[in-house]
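As C-alpha cells, the structure follows; a few thoughts come after it.
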Amino acid sequence: MMNRHQIEAMLENFGHTLVRRKWIFLILMLAISLGLISQLPNITMDTSNEGFLHENDPTLITYNKFREQFGREEMIMLSIDTPNLFTLATLEKIRALHHDLENKLPHLDEVSSIINARNTRGSADELIVEDLFEHWPTDQQALETIKQIAIASSTYENFLLSKDATLTTILIKSQAFIGEAIEDDLLAGFDEMTESKSKPNQPIGDKENSELVAAVKQIVDEYQADDFRIYAAGTPTVIDQLKKSMKHDMQTFTKYALITIILVLAFMFRRLSGVLLPLSVVVLTLLSTLGLMAATGTALKLPTQILPSLILAVSVAASVHLLAIFYQHFHREQHKENAIAHALGHSGLAIIMTSLTTAAGLLSFAASEVSPIADLGRFAGAGVLLSLLYTLILLPTLIAIFPIKHKGNKTETANHPFMDKLLSWTARFSVEHPKTIVVTSLLLFAIAFASLLNIEFRHDPLEWMPEHWEIRQATKLIDEKMRGSSTMEVIIDTQKENGLYDPIVMHKINEVQTMLQDQTYKHSFIGKTVSVVDIVKESNRALHENREEFYKVPDNRDLIAQELFLFENSGSDDLEDFVDSQFSQARLTLKGPWVDAGTSAGFIRQVMTQIQQEFSGLAETTITGMGSLFVRTLDTAINSTRTSYLVAAVVITLMMIILLGELKLGLISMIPNLLPIVIALGVLAAIKIPLDMFTMLVGSIAIGLAVDDTIHFMHNFKRYFHQTGDVKHAVEKTLHTTGRAIVVTTIVLCLGFFIFMAATMNNVFRFGALTGSTILLALVADLLLAPALMMLLYGRKQKIAQN
C-alpha cells in the first residue's frame, strides 16, 4: 500500500503529464460536462407530500390504493366570510362562483358547496335525493325554509356551513389521476367493463395541481370583495405555495451564492484568473450535477432545493486550496508547469480526502427512507465527487492553457497582513493555553449535550410559511370556524361482499363516529366525522315520512340493503365516495385542524387503538390519508437521521485514521468536528426550536464539511512537525501556509449557508442559520482546539512517525 509521500509524488507527476497533454484532458472534461448538461431540459420538480416517500413505501402504497378506490382526498377549500350569508344576493353570488368553478377549472372531479349540497327527503314511498337549491327560492319565505333545512342539518355542520351559519365553504376535488375524466367518458355505460379496466395510474402531479390552483385563484379574484371575503386553504394550495417559494428561493440562493463566491475569490486572489478559473469549475459542477439528476429522472423536491447553492459553496473550497498553493509557488519559481505539479503534489491528497469525507457525510443520507433526503444525499455526494474530478483535472488544465501574469516576488500573504496577524495570534494562544482551551471545550460539550437530550422533532409544511401569508390565515380561520381543514381516512374492510349490509357493522360505524366526535389530543381534535352511515340515516328518515326519530341505522339487513339501493338509484353519486362497488369496504373520514406530524402521530395512534378495539372480530381497519403520510415522513426522517449521523461519524473517522496514519491522532482529530455539531444542536434545543425535515440534515452535512478544514490542518501539521519535531513551529507554519485558505473556504461555506436565511420559508431560514453557525464554530475549533490538542498530545518532544 502506498504511503502519503508516494501518493504526493504520484500526484505531482500527474501534474506534469496533465500540462503536457492539456488539450486532451480539456476535450475529455468538456465531453463529460456537456454530456451531463445536455440533460438539463428534462429536469422536473415535485413538491407533493407523496414525494417525501419512496414509491415502495407501505404507507404510500396504502394511500395510493385509497385514491384508486375513493379518489383524491386532498381538496381545495374556499371559505366565504360574509355578514349576510342567507340573502338572495349573496346566494346568487355563491351560485355564480360555484358554476364558474365547475365550468372553468381543469382536472376537476367535483365542486361541492351549499348550492349543490345533498338534500335527502321522502315523498310518499319515494326517496328523493336532490340539491339543497334544486328549486331556486323566489321569495324570502322560500329562502327561509331552505335556511332552516341547512341550519338543522348535521351533515352540513362544520362541513359546508359553520355552526353559527356565518361561514360557508366550497370544496374543490380534483381528479386523482391524469386523464381520469376522459376515460370515464369513454367507458360510460359499460359498468361491467370499468370493473376490469384499470384506472389511469399516473397520479395528478405538480403541473396539474398548479394549473388547478392558478385557475381557482383567477376565478376567486373576480368575486373577491370587502363584504365577500374568500380564503383558499387545503393541501393543494399549500403544495402550490411551497412550489412557488421553492422556485423563488432556488433562484435567489443560486444568485447570491455566485455573487458571494466571486467577491470572496476576488478578495483573496485579487486577480481575474483567481476568480474565473474556480468559478468555471463550480458552475460546471452545479450544471453537471443537475444534469445527472435529470438523466436519472430524479425530480427536484423541497429538501433538494438547497442542492444548487450547497454544491456551489462546497465545490469552491477545493479550488481555493489548489490555487493558493499554485500562486505561491508560481510567484517564487516563475514556472507554470512546476507550480501546477507542486500544487497537486502539495494539496492534491488533502483535496481528495476532504472531498471523500464531504461526500461520505452527504452520502450517509442515501439510504434514507425519506425520498428527497435520499436524493439529496446521492446527488450532493455525486456533485462533490464531480467537483473533485473538475478540480484535479479541469482546473489545472485551464491554468495551463490560459495565460497568467507573474507578480514578481510579491507573495499572496503580503496582501492580507490583518489575516496573517490574526493567524499568528491564534497559533500562539492555542499552544500557550492548551489546557484552558480543552477544559472550556469539554465544559461546553457537557452543557450542550445535556440540552440536546430534550430536542423535539416536527414536520409541518404549513408552519414553514410565514404567519402573515394568506394560506396560513385561511387555514387558521377554517380550523376555528369549521372545526378543521385536514382529514384522516379510515378504511373499514369487512372482507366479504355486501358485508356493509350487516346492521352490526353499520351500528358499530355509527358508534365509532359518535365516540370520536369532538375527541381531543393535545391541541388537536376531531371536529367532524363523515361516512356511509350518514347516508343510511338520511335515507331511513326520508322513507319514514321525514320524521326525525328515524334518523338512525335500521336493525334489519334487508332494509339497509334496500335503502342503499334506492339511494344509489336516486341519481346521486355520493355513495361511491364512501363505499366500494362490492359493499365490502367503507370509508370513515375524520376532519380536524392542521397540526404538525408529531401531534398527528400521537392522535393517530390513540384513534387507531380505539377503532381497532371497536371493530375487533368485525372488520379490518386501516388508517390513511395525508395525516398518515406526514406521520410516516416524520418517523422515517427521525430514524434515517440517526442512521446517517452514525454512518457519517464512523466512516469519516475511519478515513481520518487512514489519512493521518495513526489511530490516536485520527480519533482526536474528530473532536474539533463533533463538538460544534453538539453545541449547535444543544442551543437549538435550549431555545425550543424543534428539528424539522431540513435542520435534521445539519449534523451529517456539517461533519462532512467541517472535517475538510481539519484534514488540511492535520495534513500540513503532520508534514511540518515531521520536519522539526516542534509543535509550536508546526502549528505556526501550518496556519501561515494553509490557514488563510482554511479561513477563506470557511467564510465561503458560511456565507453559502447564511444565504439560506434569505428564504421565504422558515425551515430553510433555520437550516441556513444553524448550518452556517456550526461551520463557523468548526473553524474556531480548528484554529484553537485542534492546535491545543496537538500541544497536549505531543508537546515539544514527541515526533509523529513518518508514513
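The values are calculated or read from the model by the stated rules, or taken from the named source; none is laboratory data. All values reported here derive from a predicted model rather than from experimental measurement. Glycine gets a Cβ as well: all are built from the backbone with ideal geometry, and neighbour counts include every protein chain shown. Surface areas here come from the heavy atoms of the whole protein model, side chains and all, with no ligands, DNA or RNA. Shrake-Rupley method; radii C 1.70, N 1.55, O 1.52, S 1.80 Å.
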* From zero up to wherever the largest Cα-Cα distance of the stretch 518-598 sits, split into 10 Å bins and tell me the percent of pairs in each. => 16, 40, 27, 14, 3
* Asked: Want the number for residue 272 to residue 125: 0.36 nm per residue separation, take away the alpha-carbon distance, what's left?
  -> 43.9 nm
* Approximate spin-label separation residue 44-residue 30, in nm, with each point projected 7 Å along Cα-to-Cβ -> 3.3 nm
* Asked: Using the Kirkwood formula over every pair of different C-alpha atoms, what hydrodynamic radius in Å results for the chain?
  -> 30.0 Å
* Viscosity 1.567 mPa s, temperature 4 °C: Stokes-Einstein D of the stretch 1-76 from its Kirkwood Cα radius, in µm² per second? -> 71 µm²/s
* Asked: With every protein chain in place, what's the accessible area of residue 518 (1.4 Å probe, Å², nearest 10)?
  -> 90 Å²
* For the stretch 132-149, take each phi angle, set θ = phi - 60°, evaluate the Karplus expression 6.51 cos²θ - 1.76 cosθ + 1.60, and give the result in whole Hz per residue in order, putting x for glycine and proline. => 4, 9, 4, 10, 5, x, 10, 9, 5, 5, 5, 5, 5, 5, 5, 4, 5, 4
* Neighbourhood net charge (15 Å Cβ-Cβ; Lys/Arg +1, Asp/Glu -1) for residue 30 -> +2
* Using alpha carbon centroids, what distance separates the stretch 599-662 and the stretch 133-181, in Å? -> 40 Å
* Where does the charge balance sit around residue 556 when Lys and Arg score +1, Asp and Glu -1, over other residues with C-beta under 15 Å from its C-beta? -> -1
* Give the accessible area for residue 92 in Å² (nearest 10); use a 1.4 Å probe, count only protein heavy atoms, and leave out ligands, DNA and RNA. => 70 Å²
* Estimate the FRET efficiency between residue 207 and residue 406 by the formula 1/(1 + (r/R0)^6), using the beta-carbon distance for r and 56 Å for R0, to the nearest 0.05. => 0.55
* To do: Could you look at the stretch 1-63 and say what percent of its accessible area is carbon and sulfur, using a 1.4 Å probe and all protein chains?
  => 64 percent
* Structure fact -> Expressed in nanometres to one decimal, the distance between label points 7 Å along Cα→Cβ at residue 21 and residue 552 is 9.1 nm
* Starting from the Cα of residue 658, step 7 Å along the direction of its Cβ; do the same at residue 151; then give the gap between the two resulting points in nm. => 7.7 nm
* Grab every C-alpha pair in the stretch 428-503, bin the distances at 5 angstrom width from 0 up to the longest one, and report whole percents. => 3, 10, 9, 9, 7, 7, 8, 9, 9, 8, 5, 5, 4, 2, 2, 2, 1, 0
* Asked: What FRET efficiency would be calculated for the residue pair residue 443, residue 165, taking the C-beta separation as r and a Förster radius of 56 Å, to the nearest 0.05?
  -> 0.35
* Give me the percent of the accessible area of the stretch 705-799 that comes from carbon and sulfur atoms, probe 1.4 Å, all protein chains in place. => 62 percent
* Asked: Based on the inverse mean of 1/r over its pairs of different Cα atoms, what is the Kirkwood hydrodynamic radius of the stretch 425-569, in Å?
  -> 21.2 Å
* Nearest 0.05, what FRET efficiency do residue 473 and residue 435 give at R0 = 45 Å with Cβ-Cβ as r? -> 0.20
* Structure fact -> For residue 687, the net charge from surrounding residues (Cβ-Cβ under 15 Å; K, R +1; D, E -1) works out to +1
* Taking 0.36 nm per intervening residue step and subtracting the Cα-Cα distance, what contour gain separates residue 136 from residue 255 on full extension? -> 37.2 nm
* residue 547 - accessible surface, heavy atoms, 1.4 Å probe, Å² rounded to 10 -> 100 Å²
* Per residue, how much accessible area does the chain show when a 1.4 Å probe rolls over the protein heavy atoms, in square angstrom? -> 41 Å²
* Spatial extent of the stretch 672-725: Rg and Dmax, with the Cα atoms as the point set, Å -> 15.7, 50
* Asked: So what's the stretch 335-412 giving for Rg/Rh, alpha carbon basis, Kirkwood Rh from the mean inverse pair distance?
  -> 1.18
* Structure fact -> All alpha-carbon distances of the stretch 655-803, grouped into 10 Å bins from 0, give the whole-percent distribution 12, 39, 29, 15, 5, 0
* Does a label point 7 Å from the Cα of residue 144, set along Cα-to-beta-carbon, have any residues of the stretch 62-91 with amide nitrogen under 19 Å, and which are they? -> 84-91
* Extension gain (nm, one decimal) between residue 792 and residue 561, 0.36 nm per residue minus Cα-Cα -> 74.7 nm
